[in-house]
1. State the extension gain, in nm to one decimal, for the chain segment bounded by R33 and L88, taking 0.36 nm per residue of separation less the distance between their alpha-carbons.
2. What is the sum of charges, Lys and Arg at +1 and Asp and Glu at -1, for the other residues whose Cβ falls under 12 Å from the Cβ of V134?
3. For the pair S100/A15, report the inter-label distance in nm, with labels modelled 7 Å from Cα in the Cβ direction.
4. Tell me the net charge near G26. Cut-off is 15 Å between Cβ atoms, G26 excluded, with +1 for each Lys or Arg and -1 for each Asp or Glu.
5. Below 15 angstrom from the Cβ of V107, what's the summed charge of the other residues (Lys, Arg +1; Asp, Glu -1)?
6. If all Cα-Cα distances of segment 2-174 are sorted into 10 Å bins from 0 onward, what percent lands in each bin, rounded to whole numbers?
7. By a straight-distance test (C-alpha under 18 Å), which aspartates and glutamates pair with K47 as possible cross-link partners, with residues fewer than eight away in the same chain excluded?
8. If you take the alpha carbon radius of gyration of segment 82-158 and divide it by 2.2 N^0.38 Å, what ratio comes out, to two decimals?
Amino acid sequence: MAANIEFKARLQDVASAHAIAKRLSGKGPEILRQCDVFFASPRGRLKLRIFDEDEAAAARGELILYERSDQPGPRRSNYQIASTPDPLVLRQILEQMLGSFGTVRKVRSLYLAGQSRIHLDKVEGLGDFLEIEVVLREGQPDAEGEQIAQFLMQEFGIQECDLVPLAYIDLLSAGQK
């Protein structure tokens, strides 16, 4: 399984976060409209990410299985991703076989900086968040990814009180804003 070190934080100043992300990346973001549908899974989380859901002809998707602990701050996430050119049919199959238990819709501004993916997310029903994923290279120790994540936390001025330990689906389910 692939792995990354990641953290999520509430954003207070979205414009400043975009400026910092652009400086770190050296260019503007890729804008992604994502709909994540979650399915029952005996281990970890299973979600189907649908890109551009409203434009059926342009829709593409990824089936993502991931495992990580619910804790604030940088933490390891193990994941597998399978791309699909037909996510709407795959969604119907998965809903029929497993049942879905929630959906997260967001507009993600994606910046790439070295081995890090910087996500500035506007999540429907929740607000604005920063999510960092330091994609670990094969054999790279977690500690190196954690150092990079800590550096990025400092760059964005993230405080402990800003960190969010839960997935967006959990926040939505709990009615947290």
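Throughout, read-outs are computed from the coordinates displayed, never taken from laboratory work. Values in this document were obtained by computation on a predicted structure and should not be read as measured data. When we count neighbours, we look across all protein chains shown, and the Cβ atoms used for this are built from the backbone with ideal geometry, even at glycine.
1. Answer, rounded to one decimal: 18.3 nm.
2. Computed value for this residue: -2.
3. Roughly 3.6 nm, to one decimal.
4. Here the count lands on +2.
5. Net charge in that neighbourhood comes out at -4.
6. P(r) over segment 2-174, rounded to whole percents: 10, 37, 38, 14, 1.
7. Qualifying aspartates and glutamates at Cα under 18 Å: E6, D36, E62, E67, D70, D86, E95, D121, E124, E131, E133, D170.
8. 1.44
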